[in-house]
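Chemist: The structure's right below; bear with me while I get my questions together.
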Amino acid sequence: MDDPPRYQPLRALPERAYVPGRNERSADHGQSASPAAFKLGAERWAENEQYLWGVDLYNNGFFWEAHEAWESLWRAAAHDVVQHAFLQALILCAAACLKGVQHDREAAKRVAARALQRLEHVQSEHSGSYMGIDLGHFRSSFCDFIDRDPTAVAGRPQIVLIAQDSKPTVGC
């Protein structure tokens with residue numbers, strides 16, 4: 001598999017991914033969000049360094065760390081129902097992948113079902129893309145991954161952000 005695109009290439013990825021019950025958290029896991037990240041709405045996703053950092057972490061297999069990056073934004077987005085649901089969906093996708101790494105197939109499927117439900121809600125409000133993600137494509141790809149084998153996390157869909165002026169591909 002090719003290296004996934006990086007959206008925050010100047011930030012070094014953590015030394016190792018944290019997996020609860022398997023290893024200790026690395027010292028570089030908790031790089032916190034800047035206060036400005038919380039003031040950016042969904043339409044300004046390309047400027048949101050914390051959001052982009054979460055995408056980099058997820059794409060590179062740092063699921064716990066991606067969850068932490070997005071959680072601070074999720075909490076700040078409580079006033080925006082759609083953005084709140086979207087960020088929670090991404091957090092749940094990362095959590096499902098983490099359950100896959102832990103070889104807990106049933107937990108991965110349960111968590112993924114909650115993520116997919118939230119993505120469907122966001123897609124019903126915003127057809128096409130939201131915060132740079134082609135909702136139909138990502139949702140369909142994540143569903144296929146979970147149906148195949150959620151413990152084979154190398155086969156998870158990558159998050160490839162699309163430019164705001166691009167026309168997204170319609171997913172099935």
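Chemist: Cβ-Cβ distance below 6 Å, separation of 6 or more or different chains: which pairs start in region 101-124 with a residue that is touching a residue at least 40 places away in the same chain (Cβ under 8 Å) and end on one that is among the hydroxyl-bearing types (Ser, Thr, Tyr)?
Modeler: From region 101-124, the pairs are 103/151; 105/151; 122/130.
Chemist: Find the residue count for region 93-138, including only residues that are in a loop (DSSP other than H, G, I, E, B) and more than 23 Å from residue 6 (Cα to Cα). Steps first, please.
Modeler: Initial filter on region 93-138 (in a loop (DSSP other than H, G, I, E, B)): 102-104, 126-128, 131-132.
After this cut, where a residue has to be more than 23 Å from residue 6 (Cα to Cα) as well, the list is 102-104, 126-127.
Qualifying residue count for the region: 5.
Residues are listed down the side, and each one gets a yes or a no for (1) in contact with a Leu (Cβ under 7 Å, 6 or more places away or on another chain); (2) of a type in the set (A, V, I, L, M); (3) crowded, with 22+ Cβ neighbours inside 10 Å; (4) on the phi > 0 side of the Ramachandran plot:
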position	(1), (2), (3), (4)
60	yes, no, no, no
70	yes, no, yes, no
76	no, yes, no, no
85	no, yes, no, no
103	no, no, no, yes
108	no, yes, yes, no
135	yes, yes, yes, no
139	yes, no, yes, no
163	no, yes, no, no
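Chemist: Only residues that are in contact with a strand residue (DSSP E or B) (Cβ under 9 Å, 6 or more places away or on another chain), surrounded by fewer than 22 Cβ atoms within 10 Å (Cβ to Cβ) and either modelled with pLDDT of 95 or more or over 18 Å from residue 46 (Cβ atoms) (or both): list them for region 120-133, please.
Modeler: 123
Chemist: I've got another one for you. Search region 110-119 for residues being over 17 Å from residue 148 (Cα atoms) and of a type outside the set (A, V, I, L, M), and hand back the single one that is surrounded by the fewest Cβ atoms within 10 Å (Cβ to Cβ).
Modeler: Restricting to residues being over 17 Å from residue 148 (Cα atoms) and of a type outside the set (A, V, I, L, M), the top hit is 117.
Chemist: Ok, one more. Pick out the one residue from 83, 123, 117, 158 that is over 18 Å from residue 18 (Cα atoms) and within 11 Å of the chain's Cα centre (by Cα).
Modeler: Details: 83 fails: within 11 Å of the chain's Cα centre (by Cα); 123 fails: within 11 Å of the chain's Cα centre (by Cα); 117 fails: within 11 Å of the chain's Cα centre (by Cα).
None of the other options fit; the residue is 158.
Chemist: To continue, here is another question. Taking region 47-58 as the region of interest, how many residues are in contact with a Leu (Cβ under 8 Å, 6 or more places away or on another chain) and of a type in the set (Phe, Trp, Tyr)?
Modeler: Residues meeting the conditions: 2.
The values are calculated or read from the model by the stated rules, or taken from the named source; none is laboratory data. Everything numeric in this text was worked out from a predicted model, so none of it was measured. With ideal geometry, Cβ positions are generated from the backbone for all residues, glycine too; neighbour counts draw on all protein chains shown.
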